[in-house]
Amino acid sequence: MPVPWEALIPFGLLTVMFGAAGTLLNASTKGQNQGKPPRYHIDRWDEMMMKRDEQLTGHPRGQTSDPVAPPGFETRSTWYGERAP
Amino acid sequence: MSLQSGSQSTKPLVDPTPMPADVPKVAELGATSGPLKSAAFFIGAYCKDYNDDFMLCKNESRDPAHCLKEGRRVTRCATDLITKMRENCLAQFDAHWNCLERNNHEYYLCRKPERTLNACMFEKLGLTKTIPGTPEGQTPVHELKSPLFKAIQK
């Protein structure tokens, strides 16, 4: 007796679509966070530290354990009126 | 290139309002949030005197000019400890802060690298992690053999 394989197509479609959506979302979040899982429950302290990380490395998730800051770090947190050089 | 984000200038930024010449210069700490969180308790143990001085000075007055000297001492002590940690325990330090970075900076999810780092720090520099405020007779949470709050998978 022929097996009604056409009835299984919707299940296959759902699985593929959920899988694709999940994979793409995972890839997108990982890509935005330099390959690491995203931070969650970020409070004001974490926001401040991530802003500092961006000033030190150029990306809010960038990390470095250098003992001294790169030159220009001291003045990077605020804008000054720059004269056109 | 001017290091301000959004700046189009190609010349380096010259600070138009530098600190007065009589204020000593100190290099700022270059460690970001992950390594700092990993080293936090060791900074507390190593730099306790300078940190307490700064905190008590700030308690007297919130004016930024009042505590510049104590602040410089805190920065120098932290820089000194990070240099020593990198010299002696670089592998364990890197493993721990990389684990923290992958786990939303939660200590309870990174106990295994933390134990190796604590062992290395005690052996090389004599510093231990103590959690202030642990009730007497109770094991500190980082030394519990079977903690209640842990990662879901081993």
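The values are calculated or read from the model by the stated rules, or taken from the named source; none is laboratory data. Because the structure is predicted, anything quoted here is derived from the model rather than measured. Every residue, glycine as well, gets a Cβ built from its backbone with ideal geometry; the counts of neighbours run over all protein chains shown.
Observations
- Which numbered condition B:Leu56 fails, given (1) in contact with an Asp or Glu (Cβ under 9 Å, 6 or more places away or on another chain); (2) of a type in the set (A, V, I, L, M); (3) in contact (Cβ under 8 Å) with a residue 24 or more places away in the chain: (3)
- Residue among A:Arg39, A:Arg76 that alone is touching a Leu at 6+ places or on another chain (Cβ under 9 Å) and part of a loop (DSSP other than H, G, I, E, B): A:Arg76
- Neighbours by Cβ (under 6 Å, 6+ apart or cross-chain): first from the stretch A:27-40, without any contact (Cβ under 8 Å) to a residue 12 or more places away in the chain and more than 8 Å from chain B (Cβ to nearest Cβ); second part of a loop (DSSP other than H, G, I, E, B) and of a type outside the set (D, E, K, R): A:Thr29/A:Pro38
- Being at pLDDT 95 or above, part of a helix (DSSP H, G or I) and out of contact with any helix residue (DSSP H, G or I) (no Cβ under 6 Å at 6 or more places or on another chain) is a condition met by at least one residue of the stretch A:1-10.
- Matching entry among A:Asp66, A:Asp46, A:Asp53 (being touching a Gly at 6+ places or on another chain (Cβ under 8 Å), among the charged types (D, E, K, R) and assigned to a helix (DSSP H, G or I)): A:Asp53
- Some residue of the stretch A:17-39 being at negative phi and surrounded by fewer than 10 Cβ atoms within 10 Å (Cβ to Cβ): yes
- The residue list A:Asp53, A:Asp66, A:Asp46 contains one member that is surrounded by 10 or more Cβ atoms within 10 Å (Cβ to Cβ), touching a strand residue (DSSP E or B) at 6+ places or on another chain (Cβ under 8 Å) and closer than 30 Å to B:Glu106 by Cα, which is A:Asp66.
- Residues that are more than 8 Å from every other protein chain (Cβ to nearest Cβ), hydrophobic (A, V, I, L, M, F, W, C) and under 26 Å from B:Asp49 (Cα atoms), drawn from the stretch B:86-116: B:Cys89, B:Leu90
- Test: B:Ala78 is under 20 Å from A:Lys51 (Cβ atoms), buried (at least 20 other Cβ atoms within 10 Å of the Cβ) and hydrophobic (A, V, I, L, M, F, W, C): yes
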